Amino acid sequence: MQSPPFESPFGRVLTVSQVTQEIKEILEDSYPLMWIEGEISNLRLVQSGHAYFTLKDAKSQLRTVMFRSSVRQLPFTPEAGMQVIARGRLSVYEPRGDYQLIAEAIEPKGVGALQIAFEQLKARLFQEGLFDEDRKLPLPVMPQRIGIVTSPTGAAIRDIIQVAHRRSANVHLFLYPVRVQGKEAAGEIVRAIAALNAFEPPLDALIVGRGGGSLEDLWAFNEEAVAWAIAVSEIPIISAVGHETDATIADFVADLRASTPSAAAELVVKSAEELSQQAGALLARMHNVVQHTLMRSATALEHLSSTRPFRAPHRFVQAWQQQVDDLMLQLDKAWLNDMQGRTRRLEIAIKTLARSNPQWRWQRQHAHLDIQRRRLETATRSCLNLRRQTLHGLGGKLHSLSPLAILARGYGICRDAATQQLITRAAPVQPGQHVELVLHDGQLACTVDDVQEKEAPPLEGGVGEG
């Protein structure tokens, strides 16, 4: 809940949030819906599905956001540098205080959205190899069972049936009725291709198509799902979409493209006359090949007969047999020599491997480690004994210098009972003063009765009398 405006000596004072909210309401009320032309830049398609970009012209720019529900409705993918016309409403993004356009739809300027989507999908499928000729299936020479995916009420099915029956009576057509335009058309076409691929007994070929129309009417055959359904079909597919000038993604992916449904029927159903012409052409070609081969063989035989006497074929066989025997002996000898060489190399490798055996090396290293450990233990004990002797010597010296050792020899320490200061001279002590005498095994509390001073002995090396 926003707090009410603060009344001050300066008048009505608003918070930043209140100002931003009022500006947002003014913008949204003044510009509920508009069309704005500009160039897309700084495009970001985030993981959530939203699109963030900037619309700009030569002088200004406008932040724009398009939410996922609207992005999904676009038939093409927005790209940076694309000139578009966007429909939306102005609003304010309150956390930053930026005004922005919330776009609900965008249309490319110049080329239509469907045409851009067509070119984008065509380029992507080309990169993925769906248009490669080496993945396309050949048509059978005389297909007898032909599946058709088209509308049951359109002119395409009537044309296909008429051409097929006119060209051959021994052909069976199987229609899988689908819608060929609208939002549901692509899904029905995909399901139809999959169903006809599972047909038993298998079909020989499929015709997928419809009559002509606008780009919007033919758009079902430009859907990516239809392209992949055609690409993975195990039955050869003839694409027969529209008229000769129409081109769809299905045409590029299909194993064969026909300009019209009638042309597709003519391609897949051969007439008796065409089959007869093809058979005659093949027969003539085979006759020419056989005749040419016989002429070359006769020429070669004549040449051999003229250069040397003709020998019986079994002599050639015997000569080749002898060469084969020689080659077999050489092969056996080479194999034996190779095996002996390999055996020698194997023996050498076994000996080398034995010397390099990790277990043997481990045992040697383990023995070496035991020797080093014993050396280390001996050196450690010697070092400890030496340090222990040194420590005992230092302990004896320290004990001889210890005050406790001096006290044990009969000496004592005298200190003032009140101040605990040591008394090293008799002069400062007064009769009746309480002192403490520290001995080796305890201390005594004493009272001084008399003080007797005596002259201190001269220091060694002191100054003598002059």
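Every number in this text was worked out from the coordinates using simple rules, so none of it is lab data. Since the model is a prediction, treat every value here as computed from it, not as a measurement. All Cβ positions, even for glycine, are placed from backbone atoms using ideal geometry, and neighbour counts span all protein chains on display.
Values as computed for the structure displayed
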item: Computed magnitude of the charge dipole of segment 6-110 (debye, nearest 20; Cβ of K, R +1, Cβ of D, E -1); result: 300 debye
item: Relative packing of peptides 230-241, 70-81, 114-125, 383-394 - highest average C-beta neighbours within 10 Å first; result: 230-241, 114-125, 70-81, 383-394
item: Of (1) 24.0; (2) 80.9; (3) 22.6, the label for mean projected area of the Cα convex hull in nm² derived from the coordinates; result: (2)
item: Dimensions (Å) - segment 6-110, Cα atoms, principal axes, largest first; result: 57, 30, 22
item: Efficiency of FRET between L283 and L353 - r from beta-carbon atoms, R0 45 angstrom, step 0.05; result: 0.05
item: Helix-only mean residue ellipticity at 222 nm for the chain, each DSSP H run of n ≥ 4 adding -39500 (n - 2.57), per residue, nearest 500; result: -15000 deg cm²/dmol
item: Additional length obtainable on full extension of the chain from Q365 to D416, 0.36 nm per residue less Cα span; result: 11.1 nm
item: Segment 407-447 - convex hull of the alpha-carbon atoms, volume per residue in Å³; result: 69 Å³
item: Rounded FRET efficiency, nearest 0.05, which uses the C-beta distance separating S214 from I102 and R0 of 35 Å; result: 0.65
item: Cα centre as origin, Lys/Arg/Asp/Glu Cβ charges: the chain dipole, Debye; result: 2580 debye
item: By average C-beta atoms within 10 angstrom, highest first, the peptides 90-97, 291-298; result: 90-97, 291-298
item: Links that overshoot a 32 Å alpha carbon limit, given the list K109/K183; K136/K183; K109/K136; K24/K56; K24/K59; K56/K122; result: K109/K136
